[in-house]
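Enquirer: Got a structure here, written out as structure tokens. Questions coming.
Here, each number is a calculation from the coordinates, and none is a lab measurement. As the structure is a computational prediction, the values presented were derived from the model and not from experiment. A quick note on method: Cβ atoms are made from the backbone with ideal geometry, for glycine too, and the neighbour counts reach across all protein chains shown.
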Amino acid sequence: MYGNYTLLYDGNCRICTSQIRTVAAYDDHKQIELLDMNSPEAQARFPQVTPEMAQRELHLVAPDGSLYRGAEAIRETLLRLPSLRGLGELLRLPGAMGVARPIYAWIAENRYLLGGRVERCDDGSCSPGKQP
């Protein structure tokens with residue numbers, strides 16, 4: 001059984017699904033449920049995360065309902081994985097998030113160009129700045 005954290009990711013993104021496999025591999029204590037934000041289950045369970053929000057960035061929902069987005073979601077996820085906790089601690093250093101946020105935003109904006117989509121992209125939605 002999973003803990004009370006839920007990580008909402010874009011299952012249409014190869015970079016995202018690759019990173020989710022990494023999270024799963026390091027989640028020895030099954031603290032984080034991994035849920036494709038495109039699924040009806042995600043939309044029903046987490047109505048506070050609109051589809052538009054979910055397309056812009058990764059979301060981590062904490063047991064108390066706190067919502068972490070983007071680089072903060074990555075930091076909080078890393079802090080919950082014992083083997084990767086040190087990377088999360090680095091993101092707590094002064095100024096670290098000031099660097100991490102724009103890097104994350106650029107990667108998120110260009111994730112389909114960088115890693116491709118899981119399915120074909122004949123509709124032009126993989127163009128820079130466009131999300132499905």
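Enquirer: Per residue of the stretch 17-27, what does 6.51 cos²θ - 1.76 cosθ + 1.60 with θ = phi - 60° give for ³J(HN,Hα)? Whole Hz please, x for Gly and Pro, Karplus curve as stated.
Expert: 5, 5, 5, 5, 4, 5, 4, 4, 5, 9, 8
Enquirer: Output ³J(HN,Hα) for the stretch 44-49: one whole-Hz value per residue in order, computed from phi by the Karplus curve 6.51 cos²θ - 1.76 cosθ + 1.60 with θ = phi - 60°, and x for Gly and Pro.
Expert: 6, 7, 10, x, 6, 9
Enquirer: Most exposed first by the Cβ proxy, i.e. fewest other Cβ within 10 Å, how do Val61, Val49 rank?
Expert: Val49, Val61
Enquirer: Which ordering of Glu89, Glu41 is given by a fewest-first count of other beta-carbon atoms within 10 Å?
Expert: Exposure proxy ranking, most exposed first: Glu41, Glu89.
Enquirer: Would you pull out the residues with amide H under 5 Å of Cys13's amide H, same chain only if 5 or more places away, H placed 1.01 Å from N?
Expert: Val118
Enquirer: Let me ask something else about it. Ordered by residue, what ³J(HN,Hα) values in Hz, to whole numbers, does the stretch 91-100 give under the Karplus form 6.51 cos²θ - 1.76 cosθ + 1.60, where θ = phi - 60° and Gly and Pro are x?
Expert: 6, 8, 5, x, x, 4, 6, x, 8, 5
Enquirer: How far is it, in nm, from the label point at Tyr26 to the one at Arg56 when both lie 7 Å from their Cα along the line to the Cβ?
Expert: Each label point is offset 7 Å from its Cα along the Cβ direction, giving 2.6 nm.
Enquirer: Calculate the spin-label point distance for Leu93 paired with Asp64, positioning each point 7 Å from the Cα along the beta-carbon direction, and give it in nanometres.
Expert: 2.7
Enquirer: Suppose the chain between Gln48 and Asn110 were pulled fully straight at 0.36 nm per residue; how much longer would it get relative to their current alpha carbon spacing?
Expert: 19.9 nm
Enquirer: Give me Ile15, Ile32 ranked fewest to most by other Cβ atoms within 10 Å of their Cβ, as a rough exposure proxy.
Expert: In increasing order of surrounding Cβ atoms, one gets Ile15, Ile32.
Enquirer: Amide H of Tyr5 versus every other amide H placed in the peptide plane: which residues, excluding those fewer than 5 positions away on the same chain, fall under 5 Å?
Expert: It is Glu33, by chain and number.
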